[in-house]
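Heads up: the structure comes next, in structure tokens.
A short reminder: the numbers here are calculations on the coordinates, not readings from a lab. Since the structure is predicted, the reported quantities are computational estimates derived from the model, not experimental observations. Backbone-built Cβ (ideal geometry, glycine too); neighbour counts: all protein chains shown.
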């Protein structure tokens, strides 16, 4: 494959790939550090979602916005269902909230806030020299800055591709709605993070490499691809956890099927609404995921009763259906 590319373009490809891997590394470790800080609190907070579906939605959105990974939150929710800490019904509201929270990365990138990365790296590095309780927070700040720093690096490494005919021709196919959605699904399944794909799509739009309409289709597809992590995580778990993972897939699949016939006018609306092409993609990402979450939220109680493997009475008493 590489024989068909000029050597300079091969170098660009390696640079982009290495920056992308660094971004994934930073995202993974940032999520791990936050889970270390809130090791005892996160499950307890998510457990509160059993009391009210709206609280579950807000908790799912908030935790995902902080952790910067809906894949990590989905896997955690499914693990809590497996442990009996979170009921099957309550998990549905949290998973819907995670769809909204994952759009935070796109907004940060669209406003070009990635330039704060080096400052956060320095601040986090300094805090790691302090006592343990502060050191843990310092590591989280360090990796948060590392995420932004690598996004900037990706943006700079993509600059030469603006003059690459084969790259522009390949990405132009994303403007065909179903192809753009398929690209988003495949990229997310491979990278295991819709945050990465949506952030990358906006960077490509900002660089003029990807058309905003194509980027809208890609981020819609990314919301479906991100369910792969939960499905994989649920394989060794009980029937409740497996059903929660499949319901998460169903939410996203139905949303994609409903929006696909209207994705062109939807994208045009986002472009008209956004102040910049990058913001247009962020708006489309939030509008799509928010609409799907609000569409299914009123039915989480019915879905929980209808599709639970057995009666939820078999789960722990504190996890009664909402």
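Pairs of Cα atoms in region 190-284 fall into 10 Å distance bins, from 0 up to the last occupied one, in shares of 17, 40, 28, 12, 3 percent. Take each peptide in 218-227, 146-155, count the other Cβ atoms within 10 Å of every residue, and average; sorted highest first, the result is 218-227, 146-155. By the beta-carbon count within 10 Å of each Cβ, the least crowded to most crowded order of 237, 213, fewest first, is 237, 213. Comparing region 232-298 with the 2.2 N^0.38 Å rule of thumb, its C-alpha radius of gyration ratio is 1.41 (two decimals). From the largest down, region 119-278 spans 55, 50, 30 angstrom on the principal axes of its Cα atoms. Counting other Cβ atoms within 10 Å as a rough exposure proxy, the listed residues 109, 94 run 109, 94 from fewest neighbours to most.
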